[in-house]
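As structure tokens, the structure follows; a few thoughts come after it.
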Amino acid sequence: MKKSLLSVSAILAASALTLTACAQAPSSTPSASGSTSSSASSSASASTSTSAANADFKACMVSDSGGFDDKSFNQTSYAGLTKAKADLGIQTGQVESTDAKDFATNIQTMIDQKCNVIVTVGFLLSDATVAAAKANPNIKFAIVDDNPAGAAGLKNFKALVFNTAESSFMAGYLAAAQTKSGKVGTFGGMKIPTVTIFMDGFAQGVEYYNKQKNKSVQVLGWDAAKQDGQFVPEPNPFDNIAGGKTTATNLVSQGADILFPVAGPAGQGALQVAQSSNGQVNAIWVDTDGCVSAANFCKSIVSSVYKGMDVAVFDTIKAAQEGSFSSDPYVGTLANAGTGLAPFHDFDGQVSAETKSELEKIKSDIEAGTIKITSAAQPK
Amino acid sequence: MTESPTPDRTARRPVRLARVDWSEITVTVFALLLAFVIGAVLMVIADTEVQQKFTYFFARPGDALTASVDKISTSYGALFRGAFGGIGPITNTMAQSAPLICAGLGVGLAFRAGLFNIGGQGQAIMGAMFGALVGFKLTGLPLVVHLPLAILAGVVAGGIWGGFVGFLKARTGAHEVIVTIMMNYIAGGLLSFALTQALFRRPDRADPIAPVVAWNATFPRIAGTQLHLGFLLALVAAFVVWLVIERTSLGFRIRAVGSNPSASATAGMSVANTTMVTMALSGALAGLAGVQVALGPMSGATPTPLTAGLVGTIGFDAITVALLGRSRPLGTVFAGLLFGALHAGGLVMQGTGTPKELTTVLQALVVMFVATPMLVRTLLPFLRARRARRAVPAVASSGGLA
């Protein structure tokens, strides 16, 4: 027994030797605290004069059960918080929820940590956030992707919602213009408003193209009239990449050559299908610019419908810190660049100049209200 | 708790979990220590800042060592504070552990009858579903009527969900492991579907989220704390389970069937009936766990509304809780409290930059070491020597603790 213990410690020592190169110790003493030095330097680059006041300000975030590494809306929202920490030199705090019964507890933890503004992510946290906002009038609250009716009249509560039907409408038009088979496909992660809003916009964009060009491009995977379509199979549909791949393959076998997956990480299944099709099938990504967040698939991504959750979170924190926080809901639209179509990247040469100018026209028409998009899921 | 005469001891053996004695408690304590030591090592490895200091370990070892000690002490300090540091955290630990205790009792009860109830998850989902349904659909009832009704609905729903498996096993011989696992999927799918239907969905919303449970169906709590009726119910449930197992003829039948079904049948007991009743009781306890999450008030005073993920992984954690508690009611209560503490503390530990996944790893390490005393004794030889010395008197005294 002694022998085995000895060998374990020997292995540990050996690995310690190999893992830790005999590097020089940093000479200056203050670098002992790495975190403070890095935040100090970044705030210094932003503005040295205000950093002292900002350092007392604390912005916090509570994730839903997806966690901040979900490659989807939690992660994008979290990017807004980390940007605020870097650019404004403020303190931050965050806590991830394991499951639904943690929501209220986690918000309370953030309140106990004396956060000045608390951002929660996702409609599941809605009730807990509103209750906390009512109980703590001196703390500002914001929630991403929900505008709860119960929060009406609360001065310290802000809803951050996105009318992604507008940008998805453009994506639908683009898909219809790019398809060679005359069929485009979409599928969702779950039948919830924040997903179906994309699918509604997409389908109406295709419809608009058909009307304008007198064509008959078909949308597979979503019936806007019936509000029903293709969804990734349970369980955990948003994380089920294999399920996303099956669903995408199903659409491709029905003839779709442009895919619009609205399923968070599971949408990567569609990108895999597109990548292995030798350019026959391509995809339009959602939430973030796919050429940045899923760069290895860039050659299969025509464009992306981005949803600026990071920008909205950052702006909210900045406003709260500057004292200009307002309880009016933030609605991300094409007009305020809260949502939109990301660059074409590798497809820049393949999308015709005509389509590009038509998309510009559509964008201004939507902003002006001449094109009306109807989706039950749109933020009111 | 005193030991019953001979049949009891034979009944326990097949469940494969040895009698608790002092040497076993020592092993459990060292198992916990071992888990925390490994957790500390992982914590240091996972932290990039500390890691960076190890790159010049041989130039100035002090930096790396103080950083490691700092890291470990702040993280475990936060874990401890989050679980036991004051009335808020302590009551939070109790609130977190209550559903785990209930579901763990259910799984443990089934173990005693030689049944592996992997379906705690599905039974808890049904309990939460129907507890919440009665909770938000009925209005205007007084607390003394509404709350018991909601609890009853959930417990009965869980009992039926579990009892059905017992029925299938008793009548057809269908293996309960397969059936309960499949019933978990069915319950999960049923809940997801139900939340899209008018009966369960909140009227003003299109998301799959149920209305908030009526105040009169919410567990009463002590204001300003997380301590609510649920924890009391869990303790009562533990006592009742103990009473049933140790002091009733049903409990005797459960233990007898668990130890040797053929012998029990020969002795004139109905194995089929015992199986059905045990599974129904087991399901009812898991259903009570579901009721706990559906009706238990969280910090915001109201219960978390019913959603697809509300039950979390209680049904699966319950299996580990039951194993950890050696399928004994008192053991299950302590195991549930340990899990509740780890969970409550883990949420606070995140504040120190330790990822929440580490709490899960810690839980798994704890369970692994506690459930494998031989492994701990092999890693820590001095425990083995101690056990050998005590082996003889242990048989004579036969002091059961839990």
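Could you list all residues from the stretch B:295-320 that are in a helix (DSSP H, G or I) and within 16 Å of the chain's Cα centre (by Cα)? Passing the criteria: B:Ile314, B:Gly315, B:Phe316, B:Asp317, B:Ala318, B:Ile319, B:Thr320. For the stretch B:276-319, residues that are within 20 Å of B:Phe339 (Cα to Cα) and at the interface with chain A (Cβ under 10 Å from one of its Cβ atoms) total 13. Filter the stretch A:50-99 down to the residues that are in contact with a helix residue (DSSP H, G or I) (Cβ under 6 Å, 6 or more places away or on another chain), assigned to a helix (DSSP H, G or I) and of a type in the set (Gly, Ala, Ser) and list them by number. If the condition is that a residue be in contact with a helix residue (DSSP H, G or I) (Cβ under 6 Å, 6 or more places away or on another chain), assigned to a helix (DSSP H, G or I) and of a type in the set (Gly, Ala, Ser), then A:Ser51, A:Ser77, A:Ala79, A:Gly80, A:Ala84, A:Ala86 are the ones that fit.
Just so you know, in the stretch B:215-241 the residues that are more than 14 Å from chain A (Cβ to nearest Cβ) and in a loop (DSSP other than H, G, I, E, B) include one that is surrounded by the most Cβ atoms within 10 Å (Cβ to Cβ), and it is B:Pro220. A:Ser97 passes every criterion in (1) under 18 Å from A:Thr194 (Cβ atoms); (2) modelled with pLDDT of 90 or more; (3) within 11 Å of another protein chain (Cβ to nearest Cβ) apart from (2).
Restricting the stretch B:91-109 to residues that are among the small types (Gly, Ala, Ser) and away from chain A (no Cβ under 11 Å), the residue that is farthest from B:Ala318 (Cα to Cα) is B:Ser97. Among the residues making up the stretch B:55-66, those that are surrounded by fewer than 20 Cβ atoms within 10 Å (Cβ to Cβ) and not in a helix (DSSP H, G or I) are B:Thr55, B:Tyr56, B:Phe58, B:Ala59, B:Arg60. Taking B:Leu323, is it at pLDDT 90 or above, in a helix (DSSP H, G or I) and more than 9 Å from every other protein chain (Cβ to nearest Cβ)? The answer is no for B:Leu323. Scanning the stretch A:108-138 for residues that are within 19 Å of B:Ala294 (Cα to Cα), of a type outside the set (S, T, N, Q) and more than 7 Å from chain B (Cβ to nearest Cβ) returns A:Leu125, A:Val130. The conditions of being under 16 Å from the mean Cα position of the chain (by Cα) and either farther than 18 Å from A:Ala337 by Cβ or in contact (Cβ under 8 Å) with a residue 12 or more places away in the chain (or both) are not met by A:Ser276. Selection of the stretch A:240-266 for residues being crowded, with 22+ Cβ neighbours inside 10 Å and on the phi > 0 side of the Ramachandran plot yields only A:Gly264.
Exactly one residue out of B:Gln96, B:Gln52, B:Gln121 is more than 30 Å from A:Asp112 (Cα to Cα), part of a helix (DSSP H, G or I), under 24 Å from the mean Cα position of the chain (by Cα) and polar (S, T, N, Q), and it is B:Gln121.
Counting only residues that are surrounded by 14 or more Cβ atoms within 10 Å (Cβ to Cβ) and more than 9 Å from every other protein chain (Cβ to nearest Cβ), the stretch B:41-50 holds 6 of them.
Being closer than 21 Å to B:Ala103 by Cβ, over 23 Å from the mean Cα position of the chain (by Cα) and either free of Cβ contacts under 8 Å to residues at least 12 places away in the same chain or surrounded by fewer than 23 Cβ atoms within 10 Å (Cβ to Cβ) (or both) is a description that applies to B:Leu250. Counting only strands (runs of 3 or more DSSP E) wholly contained in the stretch A:154-246, the ones carrying 3 or more residues that are within 14 Å of chain B (Cβ to nearest Cβ) occupy A:157-162.
In a loop (DSSP other than H, G, I, E, B) and in contact with a helix residue (DSSP H, G or I) (Cβ under 7 Å, 6 or more places away or on another chain) - does that describe any residue in the stretch B:180-197? No, because not a single residue in the stretch B:180-197 is in a loop (DSSP other than H, G, I, E, B) and in contact with a helix residue (DSSP H, G or I) (Cβ under 7 Å, 6 or more places away or on another chain).
Residues in the stretch A:288-297: is at least one aliphatic (A, V, I, L, M) and modelled with pLDDT of 90 or more? The answer is no, given that none of the residues of the stretch A:288-297 is aliphatic (A, V, I, L, M) and modelled with pLDDT of 90 or more. Among the residues of the stretch A:340-380, the ones that are closer than 23 Å to A:Val144 by Cα and β-branched (Val, Ile, Thr) come to 2 in all.
Looking across the stretch B:46-72, the residues that are in contact with a helix residue (DSSP H, G or I) (Cβ under 7 Å, 6 or more places away or on another chain), aliphatic (A, V, I, L, M) and modelled with pLDDT of 85 or more come down to B:Ala67, B:Ile72.
Candidates are the residues of the stretch A:247-264 that are part of a helix (DSSP H, G or I) and in contact with a strand residue (DSSP E or B) (Cβ under 8 Å, 6 or more places away or on another chain); the one that is farthest from the other protein chains (Cβ to nearest Cβ) is A:Val252. Every condition in (1) within 11 Å of another protein chain (Cβ to nearest Cβ); (2) under 23 Å from A:Asn147 (Cα atoms); (3) among the aromatic types (Phe, Trp, Tyr) holds for B:Phe193 except the one numbered (2). Restricting B:Gly82, B:Gly88 to residues that are crowded, with 24+ Cβ neighbours inside 10 Å, modelled with pLDDT under 95 and within 14 Å of chain A (Cβ to nearest Cβ) narrows the list to B:Gly82.
B:Met368 satisfies every condition listed in (1) at pLDDT 50 or above; (2) over 30 Å from A:Ser63 (Cβ atoms) except (2). For A:Ala79, the conditions (1) closer than 20 Å to A:Phe157 by Cα; (2) at pLDDT 90 or above; (3) more than 8 Å from chain B (Cβ to nearest Cβ) are fulfilled apart from (1).
With the condition kept exactly as written, say whether any residue in the stretch A:129-149 is assigned to a loop (DSSP other than H, G, I, E, B) and crowded, with 24+ Cβ neighbours inside 10 Å. Yes, that holds for at least one residue.
The values are calculated or read from the model by the stated rules, or taken from the named source; none is laboratory data. The structure presented is a predicted model; accordingly, all values stated were derived computationally and were not measured. Every residue, glycine among them, receives a Cβ derived from its backbone with ideal geometry; neighbour counts consider all protein chains shown.
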